[in-house]
Structure formats: structure tokens, C-alpha cells
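S.K.: Please see the structure below; I have some questions.
The values are calculated or read from the model by the stated rules, or taken from the named source; none is laboratory data. Computed from a predicted structure; not experimentally measured. Neighbour counts run over all protein chains shown; Cβ positions are idealised from the backbone, glycine included. Ligands, DNA and RNA are excluded from the accessible area calculation, which covers all protein heavy atoms including side chains. Shrake-Rupley method; radii C 1.70, N 1.55, O 1.52, S 1.80 Å.
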Amino acid sequence: MHHSEHPYHWWQSGVVYQVYPRSFKDSNRDGIGDLNGVIEKLDYLKELGIQAIWLSPFYPSPMVDFGYDVADYCDVDPMFGSLDDFDRLVASAHQRGLKIIIDWVPNHTSDQHEWFKESRASQDNPKRDWYIWRDPKADGGLPNNWGSVFGGPAWTFDRQTGQYYLHQFVPEQPELNWRNPDLRAAMYDTLRFWLKRGVDGFRMDVIGMILKDEQLRDNPPNPQANPNAPANDIFGRLLSLHNMDQDEVHQIIREIRAVLDEFDERCGIGELWGDLDRWVRYYGENGNELQLPFNFRLMWEPWQAEAMRRSVDALEAALPPFAWPNYVLGNHDQPRLATRFGGQAQARLAAMLLLTLRGTPTLYYGDEIGLENGLIPADKIQDPQGKNLGVERTRDVCRTPMQWDDTPFAGFSTSEPWLPVSADHKTRNVKAQQADPASMLNLYRQLLKLRAGTPALQIGSYTAIDCGVENCFVYRRQVQGEERIIALNFSAEPRKVNIPGSLRGTIILSTHLDRNETTALGALELRPYEGLILVPEK
């Protein structure tokens with residue numbers, strides 16, 4: 001919807017869909033998804049009703065952390081295809097009116113990147129200062145007490161040059177020194193490389209981490225640390241005071257935004273955590289930093305209406321007028337939404353929540369068919385986090401192959417996939433759900449279609465409504481005289497809610513896909529875990 005007085009951008013009115021390329025569709029029968037597989041499924045994504053595809057990394061990589069260890073920022077790993085395939089993907093997506101967002105990994109490279117090979121060659125190499133090298137302490141100890149997210153210390157000793165290098169992930173991911181102007185210029189050129197190829201935006205990996213305390217001071221202990229964490233979880237035992245979210249990082253993010261602004265309508269999305277008051281700064285003081293700092297807050301709320309509402313209301317209150325909200329309920333690092341929130345009924349309600357709040361939603365592949373955590377036997381674990389911190393920390397569970405049909409490898413591949421296909425693929429797959437009018441997939445399609453055709457849901461204001469009933473979240477979306485009411489029952493019991501303001505309303509969508517009637521709003525009946533979208537009578 002483009003109202004003349006509201007020039008809304010595609011990244012405000014549209015919906016983002018995250019593709020994990022390894023697991024989406026394998027076109028060359030090697031058991032690993034690839035770019036041509038994504039091209040094969042563009043019509044599916046167009047019909048689903050999303051507007052932008054975010055691709056997790058496909059760069060050349062030793063794959064120690066599955067592509068987040070980049071060996072070349074300006075190419076495609078042969079496992080995923082070629083630059084020609086990528087160009088074809090962008091052209092094919094654009095032909096269908098779909099945008100392409102790619103992952104950009106600015107905090108660290110692979111230790112196989114040419115820059116690091118040079119940096120490591122000697123202490124006086126011109127690229128030495130492109131990474132973070134430090135002498136051992138006087139007693140020979142580590143430069144500071146920082147830990148790696150994946151376990152162990154954040155420092156690895158290089159015998160050849162007698163110094164340690166910093167890595168807050170696996171040792172094969174040395175961290176770049178963003179205080180070096182030559183490194184910054186080189187990284188901005190990697191953005192331009194893809195922008196010139198027609199990329200519409202970037203999802204920027206751990207963007208708040210790229211700058212560290214200049215003196216690399218020790219981090220203080222974390223009083224909330226989990227006492228039962230594995231012994232090697234040094235990172236979790238410390239407060240991340242000096243290793244991320246430094247005030248000076250915002251100057252760099254303004255520079256990154258300036259590069260995006262050399263091109264039309266390009267979007268910067270950032271992977272960020274932190275308290276709201278720190279997090280909101282990544283929009284920039286007048287909207288000159290990231291258009292969408294990822295908001296993960298709903299992901300870890302308990303399954304409870306009051307908690308969800310508090311999170312939404314707090315975000316709405318924290319945003320300056322120019323900032324556009326966004327919500328994420330699943331990604332490649334977290335347990336599957338259907339598992340995390342307790343099951344399929346909850347997942348249907350979560351879909352309605354995500355697609356009717358004010359702001360840009362990001363969907364994760366497979367959530368539209370209700371994929372649950374995969375069962376990964378210990379000997380099949382691929383993820384370094386699972387290998388280092390234990391089976392319960394593996395992210396493989398949310399990276400199992402997309403389930404297209406009921407063939408032996410779920411239509412993902414004709415060969416044994418890199419991770420086992422979930423056992424439920426015989427019944428839980430796109431083909432079966434396309435044929436079932438009441439399926440999760442058809443719920444997503446109807447929600448997405450409704451959202452796209454309803455300015456109130458795309459760009460309207462959000463107001464929470466006190467309905468006087470516990471465990472129900474009710475809110476109004478409104479723009480220029482068009483109004484929609486969303487009523488969500490987070491309870492396993494039926495609920496009657498009172499929606500003040502109008503006597504009657506017409507149900508236009510239920511999460512059960514079986515109600516389209518006009519009803520009294522003073523005693524609106526909601527079934528267990530049911531969500532409704534209503535048009536109140538004027």
C-alpha cells in the first residue's frame with residue numbers, strides 16, 4: 001500500500017522469509033541445499049505471500065561454523081553454486097517482485113581468508129592490524145579473560161609470530177579490527193560488490209560485536225550466570241561489558257548505512273541483543289543507522305498473553321517516531337517455534353501474532369508447515385556449538401531439511417541429506433498441507449494474503465485493548481478509518497472476552513480457519529489457543 005503521504009518502504013510493508021540454503025532445496029543431489037534449489041522454489045515463496053528472502057551465508061568457507069566463517073566475501077562456495085547462479089537467483093526473484101537480502105558477516109572471517117593468511121604471516125605484515133593481535137601477559141597468560149560463545153577462551157596463540165589473536169566464536173573465526181581504516185574501507189567494498197549485483201539488503205551478523213573496548217579490559221563476572229553451565233562456558237560466566245555494544249560502534253554503523261544509501265531502497269538489518277535502551281540506539285539518533293535492528297524479545301517470553309503484551313508495549317514505548325518495529329519468532333540459532341511454544345496449536349496462534357503486530361515480521365523456513373525440532377543423534381551433530389557445549393546446545397535441531405513431500409528425503413534431495421530429515425515428513429510436508437484447507441500452511445497463506453491487502457495490518461497503528469480476561473492478548477490496528485481487532489487466546493481453556501468500542505464485529509479469519517460470522521464483541525468466544533481477526537461494525 002503506497003499512500004502518497006506515507007512513502008512506506010518494501011522492508012516496512014513486506015514480510016521477510018529466512019532461507020537456510022543448506023537445508024532448503026538440493027538441486028544437484030549432493031545432500032546439501034543450494035542456490036539453484038532456491039530458484040526452483042521461488043514460485044512457492046511468491047505464492048506463500050512473502051516479499052523478501054533472506055539467505056543465510058553461501059560464501060566460500062571451510063564450513064567450520066557453516067558459512068559464518070567466510071573465506072571470501074565476494075564469491076559463492078561451489079557447494080552452493082556460482083556467482084552466475086546467484087545473479088540468476090536475483091534476476092528470477094526480482095522478476096517475481098521478490099527482494100533478496102543476504103547475510104553479511106563483519107565481525108570475523110575464516111582463518112583461511114587471504115587477509116588472515118597475510119595478517120598471520122608476520123608481526124610487520126601490512127594486514128597485521130586488520131585483525132586483533134596481542135602479546136601474552138607478562139606471566140605468559142592470555143591477554144584478557146574473555147570467553148568464546150562456543151566455549152573456551154576467546155584467544156588462540158600463534159606460535160609462528162608469538163602473539164594471540166581474538167575470536168569470540170570458533171578459533172577458526174579470527175575477529176577483524178574495525179578500528180583500522182583500511183579494513184573498514186575493504187569491508188565497505190564487499191557491501192558495494194553485492195549492492196551492484198542488485199542485492200536489496202543485508203542481514204548483518206552480530207553487528208554490535210564488531211567494536212571492542214580499545215584497551216580490551218577484562219569483563220566482570222555475571223551474577224546471573226547459570227551455575228550448571230559447562231565448565232568451558234567462560235563467555236556465559238562474564239558480563240559482556242567490553243566485548244560488544246561499545247558506544248563508538250554507532251559511528252561505524254552510520255558509515256555502513258552511508259554505503260547502503262549510495263544505492264536506492266536498500267535495507268540494513270542487524271543481529272542485536274541487549275536491553276531496550278541500548279538496543280534502540282542502533283536505529284540511529286534520527287534514523288541514520290539500521291532500518292531494522294532485529295527484535296528477538298518475543299522469542300524467549302513465556303507462553304503467556306500478559307508477557308507477550310508487556311514485551312510489545314515496551315517496544316512500542318521505546319521506539320522514536322521514525323523507527324519501524326519488527327518481530328522475529330524463529331531463526332537458525334534457536335529451537336523451532338512449534339517446539340519452543342509447546343506444540344502445533346500454539347504455533348498457529350504465534351503465526352497470527354507475528355503477522356498482525358505493527359512492524360516487519362521475519363519468518364523462518366519450515367515454520368509455515370509447523371516444523372518441530374529435529375531429533376539429532378549425538379553421532380550426527382554438525383554444529384560446533386553442540387559439539388563443544390553439549391548435545392542440548394546444538395542448533396542442528398532447527399536446521400533439518402525442508403519437508404516438501406513424503407518421498408524418502410522429503411523432496412529436499414534424492415540423496416542422504418547433510419542432517420537427517422525429521423520422521424514426521426511423511427505427513428508434515430508442503431504437498432500434504434497444500435491439499436488440506438485447514439493446514440498450518442494454508443493459515444500462513446491466508447494471514448499473509450490478508451496482511452498484504454489490509455493497510456491497517458501493514459502500516460496501521462497498534463493499541464492494546466484491556467479485555468479483562470487472563471491470558472488473552474487483544475489489540476487494535478487502525479489506519480485512516482480502517483480498523484481490525486486481533487484477539488488471541490494463549491490459554492488451553494476457552495475464554496470469553498469483552499472488546500469495548502463496538503457492539504458487533506465480523507470474524508474474517510480464525511487460526512482454526514473455520515469461522516466467518518458476525519458476533520457480539522461484548523462476549524466474544526475464543527476456543528483454546530484460538531486467534532481471531534475481526535472487523536468491528538462502525
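S.K.: Is there any pair linking a residue in the stretch 388-400 that is under 10 Å from P335 (Cα atoms) and of a type in the set (S, T, Y) to one that is open to solvent by less than 10 Å² (accessible area, probe 1.4 Å) and at pLDDT below 90, with Cβ under 7 Å and at least six apart or on different chains, and which?
M.R.: Close Cβ pairs (under 7 Å, with a partner that is open to solvent by less than 10 Å² (accessible area, probe 1.4 Å) and at pLDDT below 90) amount to T394/D383; T394/G386.
S.K.: Under 8 Å by Cβ, and 6 or more places apart or on different chains, what pairs join a residue from the stretch 271-296 that is touching a residue at least 60 places away in the same chain (Cβ under 8 Å) with one that is among the charged types (D, E, K, R)?
M.R.: E271/R203; E271/D205; G274/D245; Y282/E289; L290/R257; F294/R203; F294/E271
S.K.: Would you be able to tell me the number of residues in the stretch 42-80 that are open to solvent by 40 Å² or more (accessible area, probe 1.4 Å) and without any contact (Cβ under 8 Å) to a residue 40 or more places away in the chain?
M.R.: Residues flagged as open to solvent by 40 Å² or more (accessible area, probe 1.4 Å) and without any contact (Cβ under 8 Å) to a residue 40 or more places away in the chain within the stretch 42-80 amount to 2.
S.K.: Oh, and also: Only one of Q446, Q382 is closer than 30 Å to H9 by Cβ, of a type in the set (S, T, N, Q) and open to solvent by 20 Å² or more (accessible area, probe 1.4 Å). Can you tell me which?
M.R.: Q446 is the lone residue from the list that is closer than 30 Å to H9 by Cβ, of a type in the set (S, T, N, Q) and open to solvent by 20 Å² or more (accessible area, probe 1.4 Å).
S.K.: For the stretch 471-516, what are the residues that are open to solvent by 10 Å² or more (accessible area, probe 1.4 Å), out of contact with any Gly (no Cβ under 6 Å at 6 or more places or on another chain) and farther than 27 Å from G343 by Cβ?
M.R.: Correct list: R476, Q480, G481, E482, E483, P500, G501, S502, L503, R504, T506.
S.K.: Identify the residue in the stretch 81-101 that is surrounded by 15 or more Cβ atoms within 10 Å (Cβ to Cβ) and touching a Gly at 6+ places or on another chain (Cβ under 8 Å) and, among all such residues, is farthest from E40 (Cα to Cα).
M.R.: Checking each candidate, the answer is I101.
S.K.: Only one of these conditions is not met by I207: (1) touching an Asp or Glu at 6+ places or on another chain (Cβ under 7 Å); (2) of a type in the set (V, I, T); (3) open to solvent by 40 Å² or more (accessible area, probe 1.4 Å). Which number is it?
M.R.: (3)
S.K.: Is there a residue being at pLDDT below 95 and crowded, with 19+ Cβ neighbours inside 10 Å anywhere in the stretch 523-538?
M.R.: No: the stretch 523-538 contains no residue that is at pLDDT below 95 and crowded, with 19+ Cβ neighbours inside 10 Å.
S.K.: Now, a different point. Test R197 against the stated conditions and say whether it is within 19 Å of the chain's Cα centre (by Cα), surrounded by fewer than 20 Cβ atoms within 10 Å (Cβ to Cβ) and more than 29 Å from L142 (Cβ to Cβ). Walk me through it before giving the result.
M.R.: Working: within 19 Å of the chain's Cα centre (by Cα): no; surrounded by fewer than 20 Cβ atoms within 10 Å (Cβ to Cβ): yes; more than 29 Å from L142 (Cβ to Cβ): yes.
Taking the combined requirement at face value, the residue does not satisfy it.
S.K.: Taking helices (runs of 4 or more DSSP H) that do not extend beyond the stretch 302-417, which have at least 2 residues that are over 17 Å from the mean Cα position of the chain (by Cα)?
M.R.: Values: elements: 305-318, 337-340, 344-356, 384-389.
Output list reads 305-318, 344-356, 384-389.
S.K.: Only one of L216, L191 is open to solvent by less than 10 Å² (accessible area, probe 1.4 Å) and either touching a residue at least 12 places away in the same chain (Cβ under 8 Å) or aliphatic (A, V, I, L, M) (or both). Can you tell me which?
M.R.: Numbers: L216 fails: open to solvent by less than 10 Å² (accessible area, probe 1.4 Å).
Exactly one of L216, L191 is open to solvent by less than 10 Å² (accessible area, probe 1.4 Å) and either touching a residue at least 12 places away in the same chain (Cβ under 8 Å) or aliphatic (A, V, I, L, M) (or both), namely L191.
S.K.: Report the residue count in the stretch 305-347 for those that are open to solvent by 40 Å² or more (accessible area, probe 1.4 Å) and free of Cβ contacts under 8 Å to residues at least 12 places away in the same chain.
M.R.: Going through the stretch 305-347 one residue at a time, the tally reaches 3.
S.K.: Does N228 meet the test of being open to solvent by less than 40 Å² (accessible area, probe 1.4 Å), of a type outside the set (G, A, S) and either at negative phi or out of contact with any Asp or Glu (no Cβ under 7 Å at 6 or more places or on another chain) (or both)? Steps first, please.
M.R.: On the way: open to solvent by less than 40 Å² (accessible area, probe 1.4 Å): no; of a type outside the set (G, A, S): yes; either at negative phi or out of contact with any Asp or Glu (no Cβ under 7 Å at 6 or more places or on another chain) (or both): yes.
Against the criterion (open to solvent by less than 40 Å² (accessible area, probe 1.4 Å), of a type outside the set (G, A, S) and either at negative phi or out of contact with any Asp or Glu (no Cβ under 7 Å at 6 or more places or on another chain) (or both)), N228 does not qualify.
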